[in-house]
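First up is the structure itself, then whatever we jot down about it.
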2 protein chains.
Amino acid sequence: METSAVESLLESERPRHLEILERFVAIPSVSTDPAYKPHMAEAAAFVAERLRQAGMEAVEIHPTEGHPVVTASWRRAPGAPTVLVYGHYDVQPPEPMDAWTSPPFRAEVREGRLYARGASDDKGPMLIPIAVAEAFMRVDGRLPVNLVFLFEGEEEVSSAHLEAFVAAHRDLLAADFTLSADGAQWRADLPSVTVASRGICALEVVVRGPGKDLHSGRHGGAVVNPIQALVRLLARLHDDRGAVAVPGFYDGVEPVSEDELAAIASIQFDEAAYLAEVGAPAPGGEQGYTLLQRNWLRPTLEFNGVVGGYTGAGKKTVIPHQASAKITCRLVPGQDPQRVVSLIARHLAAAAPAGVRVEVRREPGGAPAYAIPAEHPGLALSEDILEEILGRRPVRVRMGATIPIGEIFRRVLGIHTVFFSFSTVDEDYHAPNEFFRLSSYAAGMVAWARYLQRLGSASSPPAF
Amino acid sequence: METSAVESLLESERPRHLEILERFVAIPSVSTDPAYKPHMAEAAAFVAERLRQAGMEAVEIHPTEGHPVVTASWRRAPGAPTVLVYGHYDVQPPEPMDAWTSPPFRAEVREGRLYARGASDDKGPMLIPIAVAEAFMRVDGRLPVNLVFLFEGEEEVSSAHLEAFVAAHRDLLAADFTLSADGAQWRADLPSVTVASRGICALEVVVRGPGKDLHSGRHGGAVVNPIQALVRLLARLHDDRGAVAVPGFYDGVEPVSEDELAAIASIQFDEAAYLAEVGAPAPGGEQGYTLLQRNWLRPTLEFNGVVGGYTGAGKKTVIPHQASAKITCRLVPGQDPQRVVSLIARHLAAAAPAGVRVEVRREPGGAPAYAIPAEHPGLALSEDILEEILGRRPVRVRMGATIPIGEIFRRVLGIHTVFFSFSTVDEDYHAPNEFFRLSSYAAGMVAWARYLQRLGSASSPPAF
C-alpha cells in the first residue's frame, strides 16, 4: 500500500499531535466526581475547539442533565456513506494517587508510552479521527465520506444521559453506522476486533431485621440475624455448578452459532497464564464452558460488595439491624436488564424468611448486550485495514464488559457499531499509571485514514 | 427497714455521685480499638483515684498484656466474709456516631437518664460499690465485711488477659465469693437475679480470591468471586430449622433439669412485646424451643459483621479480592470454646471451593458458659435484698450474653459469682444512645449498702 499524502501529513505532524494529547490529558475531566465538574466543561470546550481547527462544521456543545455532549459534522460528500464517530472525553478517577509514578494529569513520555489518566481511555484514541479529518481537509479540502462526531462526557458513569440525547437528536446523528474510537484491543500481542459486549443490570439487596443493632448474647437465638438471612438468600442465587439459579434468568438467551463457537475455540488462550496474571488459584464461573466462553458468551451474576454489622478491628458482639449486598449481572443477547432484576427480586422475595424485611433496589443505568452481525461490511473493512497495518488478520473477540453505546445506537438510531479503537487492554486505564502507546497513536491515524478513504472510494456503497 | 446513716449519706451525696459518673463517662475508654489506648490508662487512673478517695487500701494499677487491671482491698474485718467486687471500666465502641442524640462521651441527663457510652455498661454500676465502701468508711470508719476490688479494662474484649491476671494474683484476690457490679437486670419491669451466662468463642472467616480487585465485566465468569464463596460457606453454618449445622457443635451440651425448665416456663414473657421492643417482625433462632429457651439454654452461631468489595454509594463493578465475616458463638455448659472454633474451621475448610483460599482466624478470649449452684447463700442474700428494695421476689434468669468472669473465678479461684448489677437490659449499652437510669444508680447504692451490712452481721458466717 502506497503512503498517501494524508498519511504523510499525519506522520510529519506527529510532534504536534503529541503536544495536543498532552494538553488534553492535562484537563482532569473526571466524570464520577462532582468536584471535577468545571474541568468537564473545559474538556468539552477543548474538544469543540479541536473539531473547529479540523475544519468540521456545526460544532456544538450540548448541555445535558449530566455532562455536555460535543457534536460536529461534515456532510458534503453526497452519495458516500455517513459515519457516526464516537468517543468520550471523560476519564476514570485518578485514585489511589500515591501509586502513580508521574502525576496523573501531567503527561510524561517514558519508553514510547505517554503516561496520564485518560491517555488510553479515551483521549488518545478519540483525538485520532479528528486529526485524520483535519489531514483530509488540509490535503484534499474535503473528506472521502460524510462524518458526524459525537463525544460524550459520561462513558465512565454508564453513559447515563446518552440515550436521551441520541433520541432527541436523531436527525443530527443520522448515519449508516457508528465507528467507535472507544473500546480496546483485547491483547497487546494479538490484533482483534470486538464484535459483542455484554449488557449489565445492577441492584442492591437490603435485609432489615431488628430496629437497631442488638447485643448478640442477650438477643442471640431470639431474632433473625440479617447477615444470616442475607447470606442464605445470596447463596440461593447460584447452583453448585456455578450457574445462576434464578428461575427464568437464562430464558431467551440466544444460542451462539457453531461458527462463532469454533472461532472462539480456535483462539489461542493460556488459562494458566491468565490465572497467574489475575492472581486467582483456579478458574471460577459456570461449569461446562471454557474460560473464554464463560467470560464472553455466558451471563453472570456477580457480587460487587457486601456489608453488614461490625467491620472494624477485633470483634463487636452485635446482631446488626441490617445487611446488604450490591449485585451486577452481565447479560448476553436475549436478556432484558429490567426483567432480570425483577426475576432476582422475585426469587429473593420468595425465599425471604419471616423475621426480616428484604428490599431489592434497582440501580439506574442498565444496558442490554450488543452484538454486530457477523457480515456487517463496516466490520469486514475494519478487519481488512487492521490486517494491512498489523500484518495479521485480527481475531473476532467479544467483551465481557459493557459498552452501552452499541445497544443505544442500534435501538435508537437503528445502526450498528464497529469498534475501531487503538487502545490496548493492558494500558491500565482503570488503574494507576494509565498509558497510551505512541506507536498505537500513529498506527491509529494511518488506520482511520485508510478506513475512511477505502469506505469513500467503494465503487458502489455497501449496504449497512 | 430503717434507713441507716450510710444510706442517708449516700442519698445526700447524689449530686456528687452524678458528677463523678459524668467525669468517668467522659473518658473514652474503648478497649476494642487501639486508637483509644491512652484513654484506657486515663480511665484506670480515674478508678484507682476513686478507690483511694473511698479509703480503700493497697490500691494498685497492674499492667497486663492488654489493658490494666485496677485492684484495691480492705481486709480489717477478721472473721467476717470476704467479697471480691468485680466491675469493668472499658466500654463498647461508640459507632455509629451519627445515631447519637448527644455526643457519646459527654454525659447528658434527659428525663432521669444519664446518656453516654459506658453509663450503664459498666461505669455507673461499678461506681456503686466504691461509693458504698466510701460511705461506710466515713460513717463507721470501717466496712462490715472484707472487700477486694478488681476492675478490669477488657470486659468488652472477652476479658482476654483476666484469667492470667487472676491466676497470678490468687492471694491478693482470695475471697469467699465474687459480687459482680456487671451483668444487667433482665427487664426494667421485673426484678431478677442472673444465675447463668452463656459462654463465647469468636472467629473471623477470610476468603481470598484474585490478587487484586478485578473488573466484573472483563473477568466476570472466569474467576471465583470471594463474596460468592463466602456467602455459600456461611449459608452452610445453619440448617433450614435455624439450628447450627456444624457437625459436633451440640456434642456434650448438658441437659437442663426439669425443675429449671419448669421455672423458666413459669416466667411471664410476652414474645410479641419483646419483638416489638427490638423491632423484629418475627422471632428467629432454633425451631422447637420457646424464645426464652432459645436465648438462655441453647447455643448459637451469630454473624456479627460481614464485608467485602465496594460498599459506598452507587455501584462499582468489581470482583473483590477478598471478603470476610466475623462470627461469635454463644455456648452453654458442656461446650468448649476452642473445640467449637475448630469444628467450624473444619466444616468450612471441607466446603471451600477451588479458586479461593479460606482462612479461619481464631479470635482470642473465648469463655465457657457459667452457672452458680441454686443453693449458694450469696445468691439467696441478693434475692432477699432485691425483694426488700424492689418489693417483689426476683426471678432467677439466665443470661444469653457472656460474662467470662463467672467461669474464670470458679475455675482459677474456686469461688462462685453473684451478679448484683443495677443496669437494665433495655439501656442500649451496645448501641447508640446508651443510658443509665439515675433511679437505678440510687437504688443500687442502697442495695449494696444493705447487702454488705447484712452479710457482715450474720451471727454465723454462711458456708460458701
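The values are calculated or read from the model by the stated rules, or taken from the named source; none is laboratory data. No experiment lies behind these values; they were computed from the predicted model shown. Backbone-built Cβ (ideal geometry, glycine too); neighbour counts: all protein chains shown.
Consider the stretch B:424-445. How many of its residues are touching a Gly at 6+ places or on another chain (Cβ under 9 Å), within 13 Å of chain A (Cβ to nearest Cβ) and modelled with pLDDT of 95 or more?
Qualifying residue count for the region: 1.
Filter the stretch B:58-75 for residues that are closer than 30 Å to B:Ala458 by Cα and either in a loop (DSSP other than H, G, I, E, B) or more than 24 Å from the chain's Cα centre (by Cα) (or both) and give the result.
The answer is B:Ala58, B:Val59, B:Trp74, B:Arg75.
State which residue is surrounded by the fewest Cβ atoms within 10 Å (Cβ to Cβ) when the search covers only the stretch B:204-220 and only residues that are more than 9 Å from chain A (Cβ to nearest Cβ) and of a type in the set (A, V, I, L, M, F, W, C).
Residue satisfying both the conditions and the ranking: B:Val206.
Cβ-Cβ distance below 7 Å, separation of 6 or more or different chains: which pairs start in the stretch A:1-28 with a residue that is among the aromatic types (Phe, Trp, Tyr) and end on one that is buried (at least 18 other Cβ atoms within 10 Å of the Cβ)?
Matching pairs, first to second residue: A:Phe24/A:Phe46; A:Phe24/A:Lys123; A:Phe24/A:Leu127.
Looking at A:Val223, A:Val253, A:Val278, which is the one that is in contact with a strand residue (DSSP E or B) (Cβ under 8 Å, 6 or more places away or on another chain) and touching a residue at least 60 places away in the same chain (Cβ under 8 Å)?
A:Val223 is the lone residue from the list that is in contact with a strand residue (DSSP E or B) (Cβ under 8 Å, 6 or more places away or on another chain) and touching a residue at least 60 places away in the same chain (Cβ under 8 Å).
Assess whether A:Leu413 counts as being more than 23 Å from A:His161 (Cα to Cα), modelled with pLDDT of 95 or more, buried (at least 19 other Cβ atoms within 10 Å of the Cβ) and touching a helix residue (DSSP H, G or I) at 6+ places or on another chain (Cβ under 7 Å).
no
From the residues in the stretch A:22-36 that are assigned to a loop (DSSP other than H, G, I, E, B) and touching a Phe, Trp or Tyr at 6+ places or on another chain (Cβ under 8 Å), which one is nearest to A:Phe151 (Cα to Cα)?
Step by step, filter the stretch A:22-36, then rank; the result is A:Ser29.
Suppose we keep only residues that are in contact with a Pro (Cβ under 6 Å, 6 or more places away or on another chain) and at pLDDT 95 or above within the stretch B:95-115. Which one would you say is surrounded by the most Cβ atoms within 10 Å (Cβ to Cβ)?
B:Pro104
Could you please give the count of residues in the stretch A:279-311 that are more than 7 Å from chain B (Cβ to nearest Cβ) and either closer than 24 Å to A:Val360 by Cβ or among the small types (Gly, Ala, Ser) (or both)?
Of the residues in that region, 3 qualify.
Go over the candidates B:Gly79, B:Gly55 one by one and state the one that is in the same structural domain as B:Phe151 (by TED's automatic domain parsing), at pLDDT below 95 and within 30 Å of B:Ser457 (Cβ to Cβ).
B:Gly79 is the lone residue from the list that is in the same structural domain as B:Phe151 (by TED's automatic domain parsing), at pLDDT below 95 and within 30 Å of B:Ser457 (Cβ to Cβ).
Identify the single condition in (1) surrounded by fewer than 22 Cβ atoms within 10 Å (Cβ to Cβ); (2) over 14 Å from A:Arg398 (Cα atoms); (3) not assigned by TED's automatic domain parsing to the domain that holds A:Ala229 that A:Gly284 does not satisfy, given that it satisfies every other one.
Here A:Gly284 clears every test but (1).
Give the residue, chosen from B:Ala245, B:Ala235, B:Ala229, that is modelled with pLDDT of 95 or more, within 30 Å of A:Leu234 (Cα to Cα), within 13 Å of chain A (Cβ to nearest Cβ) and in contact with a Pro (Cβ under 6 Å, 6 or more places away or on another chain).
Just a single option satisfies the conditions, and that option is B:Ala229.
Within the stretch B:1-52, restricting attention to residues that are modelled with pLDDT under 95 and among the small types (Gly, Ala, Ser), which residue is surrounded by the fewest Cβ atoms within 10 Å (Cβ to Cβ)?
The qualifying residue surrounded by the fewest Cβ atoms within 10 Å (Cβ to Cβ) is B:Ala35.
Looking only at the stretch B:267-278, which residues are small (Gly, Ala, Ser) and within 8 Å of chain A (Cβ to nearest Cβ)?
Hits for the stretch B:267-278: nothing passes.
Name the residue, out of A:Ser460, A:Ser440, A:Ser423, that is surrounded by fewer than 16 Cβ atoms within 10 Å (Cβ to Cβ) and either hydroxyl-bearing (Ser, Thr, Tyr) or touching a helix residue (DSSP H, G or I) at 6+ places or on another chain (Cβ under 7 Å) (or both).
Checking each option against the conditions leaves just A:Ser460.
Restricting to the stretch B:321-348, count the residues that are at the interface with another protein chain (Cβ under 7 Å from one of its Cβ atoms) and more than 24 Å from the chain's Cα centre (by Cα).
Residues that pass the stated criteria total 1.
Would you mention how many residues in the stretch A:281-327 are more than 13 Å from B:Gly221 (Cα to Cα) and free of Cβ contacts under 8 Å to residues at least 12 places away in the same chain?
8
For the stretch A:101-158, which positions are touching a Gly at 6+ places or on another chain (Cβ under 8 Å) and farther than 24 Å from A:Arg52 by Cα?
Of everything in the stretch A:101-158, those that are touching a Gly at 6+ places or on another chain (Cβ under 8 Å) and farther than 24 Å from A:Arg52 by Cα turn out to be A:Leu114, A:Val157, A:Ser158.
Here is a check on your reading of the model: is A:Gly314 in contact with a Ser or Thr (Cβ under 8 Å, 6 or more places away or on another chain), crowded, with 24+ Cβ neighbours inside 10 Å and either more than 14 Å from chain B (Cβ to nearest Cβ) or of a type in the set (Gly, Ala, Ser) (or both)?
Against the criterion (in contact with a Ser or Thr (Cβ under 8 Å, 6 or more places away or on another chain), crowded, with 24+ Cβ neighbours inside 10 Å and either more than 14 Å from chain B (Cβ to nearest Cβ) or of a type in the set (Gly, Ala, Ser) (or both)), A:Gly314 does not qualify.
Please go through the stretch A:392-423 and give me each residue that is within 14 Å of another protein chain (Cβ to nearest Cβ), within 17 Å of A:Ser382 (Cβ to Cβ) and among the small types (Gly, Ala, Ser), ordered by number.
A:Gly406, A:Ser423, listed by residue number.
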